[in-house]
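Enquirer: Structure incoming, see below.
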Amino acid sequence: MSAQTIACGPRLRLRAARRGNVLAVILAPLLIAGAFEGYRMATVMRHINEGRASLQRGEDVLETRRLDATAVELRLARDEFESAGTDFAVARSTMRRDPLLWLARHVPYVAHQANAALDLAEIGGEASVIGAAGVDAADEFAAIREERDGTLLEQSVEVLDRTGPSFNTIEERLSRVDAIRSGLGGGALVPPLSGAIDELDARREKVAGIVETYGDARQFLPVFLGFSAPRCYLVLAHNNAELLPTGGLVSVLGQMCLDRGRMTAFEFTDAVEFGLDWIRATSAYEAPPQPLDRYLLKGVTWNLSVSNWSPDFPTAAREAQRFYALGGGVQVDGVIGINVRTLERLLSVTGPVAVAEYGVTATTDNVFELTETYTRDPSEPEADRKEFVALLAREVLDRALHPEPGNWSRFIDLVQKLGDEKELLVYMNDPAQQGLAGDMGLSGEVGYAGGDFAMLVDSSVNGTKLNAVVEETVDMDVRLDTSGAAHTTVSIDYFNNLAPWEAGRDPALVKKLMLGGVYGDYVRLYVPPRSTIVDVRDEHGTVGTEEAGEELGLTVFGRFITIGRDERRRLSFDYVTPTVVDVQSGRDAIYRLTLRKQPGQRALPVTLRVGTPEGVRIATVSVNGTPAEPSDDALRFDLATDHVIEYSIERTGAQ
Amino acid sequence: MFRIAALLAIITTMILIASNASTAHAQYPPPDASLTVTASQTTATAGQQVTVSAVLRDADGDVLANQPCVARVASQPGTGASVSPTDITTDGNGVARTTLNVGTTPGTIQVEVVCGTIVGRVGVILGAAAQPPLSPIELPGTGSGPDTPSAGLSALLLLTAGAIALLAARRYARLGSGRRSRGAASGTAN
């Protein structure tokens, strides 16, 4: 080591020390600022996390307890939403005042992200208010429920009135959400934000749907329930064990009048007696639709019990009213359609109902057989065909109008389900009211709204109750061609599974209900307008079609088939549609298939296959808006409700 | 919650639900037999002959042999369609056959077979309606993602809040860890 080197050592150390001091002076504020920002960040995150947790807890209460929530539970939910609102407000405020975020909002690209984050926090605040308004509505409902003054029908308009302000708040806040959302624009966002916006859009539709339906109900119910003027309805009780297009054979008629929610008249009329009285009195003959005449009526006049030959409930309801008037029935304001499945579903909520006079208890499982057993044959002179069902109806009605605590939400779910499954149909003579019924999904209207379409309609035309035992599945094979047309085969497999049902039952009852055990079905298939039939086949080969025409804005093909006791049969329709693929400008081609459920029909198992021409392929599939993944190139589902299946189609090799 | 309104209206109707299962045959005559008429072709071309078969069964589903039936053209778009023979009898399998000459006029020809009081019918379509246009559709080459499922507004907000938290965390972490110019700005502002 040299002397010079030794002499330089202290200077170097001094220089290093000076540098260290300078660095310390520079870094110290940065570290302090960083620590401060870290603290602020932690504060923001804490509020956001707490807001999230509060929203979740509030939502849990509303989702799980819904209309059965107690006052204490609603108080808790309200506290949670208020707490969430506070947390989001603090988080927003902190972010707004943050200088770094302020700077970020002036930097290209980053600004869009930062503004989106703030906007979404703003939406979080609005959602807290929406949640609180939901609690307000539930509070009002709970208060009315506790009062127990009058039936549900009488209270309904009060419910609507008192929950109105809450829904107004929800609607107003939803508008604010929309305004904020529109400001977000369509620019690229980082995945967490873009994902949140996608979710927001989906939820926005859901909330908007709720608000819209509430608005419809608010207009519909006061008129329907006779709050504006007394209303009378013809109620058609269909027997879907003897299936006809809108739910089954009309077995019993009801006339129900409402005045300010109170039932001022409610009468059962046996449809058989009603029809016989009319025929005896007038000897009238109303020409029925040809297939109905050919296979069922065989020269007997068309009548109210089988007036529902059209699957379109408005059409069937108008026919029913016509026959009702011909038979001396009074003018009504509308028609309501229900069926056996409606009762089975209702009993699943009310629980078993005892009919003491008959020493039996009706349940979901046995109500069909009980009503058939205790509804006497009209040939028995002493029989009162309505007595059993009247007694049962009285008890079921009482329970329905006065639900047990804890059962309200189950009733709500049930009604929604009945509407979705077409087991409850409403037709109003007033066009405005009918429009509202349609908006609420209750009209049972059948028509064409574009794309591909199929509705299978079975009609029992051999006078049996065999729909209680006949099993049915549907295979649908669609091949799209380059013109966007669909070459489709719909195959229906039937199995007349009478033997297990018959075993152990009174032979007289079996004979009474099932006759010789032969199921006669006039099968119709409604498809897009201007479709052309190619072939109609059974399991042996071509059988031809009986009907190929246009109806309800659709093309319809018809064919009669019989299925003997314990027999399996297959009926297939081959047809070609016009162009049904929708090519959207700059986007995918969309193949959208609407499958309509027949009222009264069970949830038919459906297997659907869709093939594309060379050069294109299916990119995505959704069923009723939910992404779906075909298995073995097929979608399988039960047609419990109407289904909309959407395929997006792209070129082969597209990214 | 709002659905209670619909519920209230609808429940009114439930009274009658129980009443829908009565046995009622007076609206139509007691079912006795069935006749299923089929054609060997669903569609045909001008001048073709199509075999029409009718299967007659009793109420129990058993075939009815040696039963006299009458076949006729019930409706047609022109005048040239005809069946021959018109008087037919069911064989040991309960089947009676005739032949339809479809003629030349496009449209649907309905053939009806009557066995006693039992009637069946089938249609044969001559010159099927024009097929859809075959001009190719130009399919685009891009795809789009699936629709987003719905699960409640507040769930969205949870995601939203999560996204915000993530963003904030990232941004603050970056800014706080020493980008000099922004760090200086942060320091002066606070």
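Taken together, the values in this text are just the output of simple stated rules run on the coordinates, not laboratory data. Just so it is clear, the structure is predicted and the values come from calculations on it, not from any experiment. All Cβ positions, glycine included, derive from the backbone under ideal geometry; neighbour counts span all protein chains shown.
Enquirer: Taking 1 over the mean of 1/r across every pair of different Cα atoms in region A:51-125, what Kirkwood radius in Å do you get?
Expert: Values: mean 1/r = 0.0728 Å⁻¹.
One decimal place: 13.7 Å for the Kirkwood radius.
Enquirer: Taking square-rooted eigenvalues a ≥ b ≥ c of the alpha carbon gyration tensor, is region A:380-507 rounded, prolate or oblate, where a/c under 1.5 means rounded and, failing that, a/b exceeding b/c means prolate?
Expert: Working: a/c = 2.16, a/b = 1.25, b/c = 1.73.
Oblate shape, in that a/c is at least 1.5 and b/c is the bigger or equal ratio.
Enquirer: What order, most packed first, do the peptides A:64-76, A:312-324, A:496-508, A:209-221 have when packing is the mean number of other Cβ atoms within 10 Å of each residue?
Expert: Working: A:64-76: 16.5, A:312-324: 22.5, A:496-508: 13.1, A:209-221: 19.1.
Highest-to-lowest ranking by the protection proxy: A:312-324, A:209-221, A:64-76, A:496-508.
Enquirer: Another question about this same structure. Based on the Cα atoms of region A:498-611, what semi-axes does the equivalent ellipsoid have, where each is the square root of 5 times one gyration tensor eigenvalue, given in whole Å with the largest first? Could the numbers behind the result be given before it?
Expert: On the way: eigenvalues 261, 58, 35 Å².
The equivalent ellipsoid of region A:498-611 has semi-axes of 36, 17, 13 Å.
Enquirer: Okay, moving on. By counting other Cβ atoms within 10 Å of each Cβ, how are A:298, A:511, A:465 ranked from fewest to most? Display every interim value, and only then the final one.
Expert: Working: A:298 18, A:511 12, A:465 27.
By the 10 Å Cβ count, ascending, the order reads A:511, A:298, A:465.
Enquirer: If the cut-off is a Cα-Cα distance under 25 Å, which lysines reach residue A:298, setting aside same-chain residues fewer than 8 apart in sequence?
Expert: Once the sequence-local lysines are set aside, what remains near residue A:298 is A:465, A:511, A:512.
Enquirer: For a quick check: with amide H placed at 1.01 Å from N, whose amide H comes under 5 Å from residue A:551's, ignoring anything fewer than 5 positions away on the same chain?
Expert: So residue A:551 has HN proximity to A:556.
Enquirer: Kindly provide log₁₀ I(q)/I(0) values, in the same order as q = 0.08, 0.09 Å⁻¹, from the Debye equation applied to equal alpha-carbon scatterers of chain A.
Expert: So the normalised log intensities are -0.75, -0.91.
Enquirer: Oh, and also: Using alpha-carbon positions, what is the distance between the centroids of region B:46-72 and region B:79-101, in Å?
Expert: Taking the Cα centre of region B:79-101 as reference, the centre of region B:46-72 is 7 Å away.
Enquirer: Using the Cα centre of region A:578-642 as the reference point, and only Cβ charges (+1 on K/R, -1 on D/E), how large is the resulting charge dipole? Debye, rounded to the nearest 20. Before the final figure, lay out each step's value.
Expert: Numbers: 8 positive and 8 negative charges, 50 e Å.
Computed charge dipole of region A:578-642: roughly 240 debye.
Enquirer: To the nearest whole number, what is the average tally of beta carbon atoms from other chains within 10 Å of the beta carbons of peptide B:37-47?
Expert: Numbers: counts 5, 12, 6, 4, 4, 15, 9, 1, 0, 0, 0.
Neighbouring Cβ atoms belonging to other protein chains average 5 per residue here.
Enquirer: Whole Å is fine, so just give me how far the alpha carbon centre of region A:596-627 lies from that of region A:177-244.
Expert: 24 Å
Enquirer: In whole angstrom, note down how far apart the Cα centers of region A:522-576 and region A:315-363 are.
Expert: 31 Å
Enquirer: Where does each of A:276-289, A:406-419 land if you order them by average Cβ count within 10 Å, highest first?
Expert: Numbers: A:276-289: 13.5, A:406-419: 19.2.
Answer by packing, highest mean first, reads A:406-419, A:276-289.
Enquirer: A further question on this structure: Could you give the dipole magnitude of region A:529-581 about its Cα centre, charging the beta-carbon of Lys and Arg +1 and that of Asp and Glu -1, in debye to the nearest 20? Provide the component values of the computation, followed by the final result.
Expert: Numbers: 7 positive and 10 negative charges, 30 e Å.
Computed about the Cα centre, the dipole is about 140 debye.
Enquirer: Sequence-distant or interchain residues sharing an amide H contact under 5 Å with residue A:620, placed H: which?
Expert: The answer is A:648.
Enquirer: Once you have a ≥ b ≥ c as the square roots of the Cα gyration tensor eigenvalues for region A:218-276, tell me rounded if a/c is under 1.5, and otherwise prolate or oblate according to whether a/b is larger than b/c.
Expert: On the way: a/c = 3.94, a/b = 1.86, b/c = 2.11.
Taking the square roots of the gyration eigenvalues as a ≥ b ≥ c, region A:218-276 is oblate.
Enquirer: On the Cα set of region A:614-655, report Rg and Dmax in Å, please.
Expert: Rg, Dmax (Cα atoms, Å): 11.8, 37.
Enquirer: Hey, fewest Cβ within 10 Å first, where do B:28, A:519 land in order? Walk me through the numbers before you get to the answer.
Expert: On the way: B:28 25, A:519 29.
With the fewest neighbours first, B:28, A:519 line up as B:28, A:519.
Enquirer: Still on this model: Fewest to most neighbouring Cβ within 10 Å: what's the order for A:54, A:128? All intermediate terms of the calculation are to be shown ahead of the outcome.
Expert: Details: A:54 24, A:128 27.
Arranged by neighbour count, lowest to highest, A:54, A:128 become A:54, A:128.
Enquirer: How crowded by other chains is A:542-552, given as the mean number of beta carbons from other chains within 10 Å of each beta carbon?
Expert: For this peptide, the per-residue mean of nearby foreign Cβ atoms is 6.
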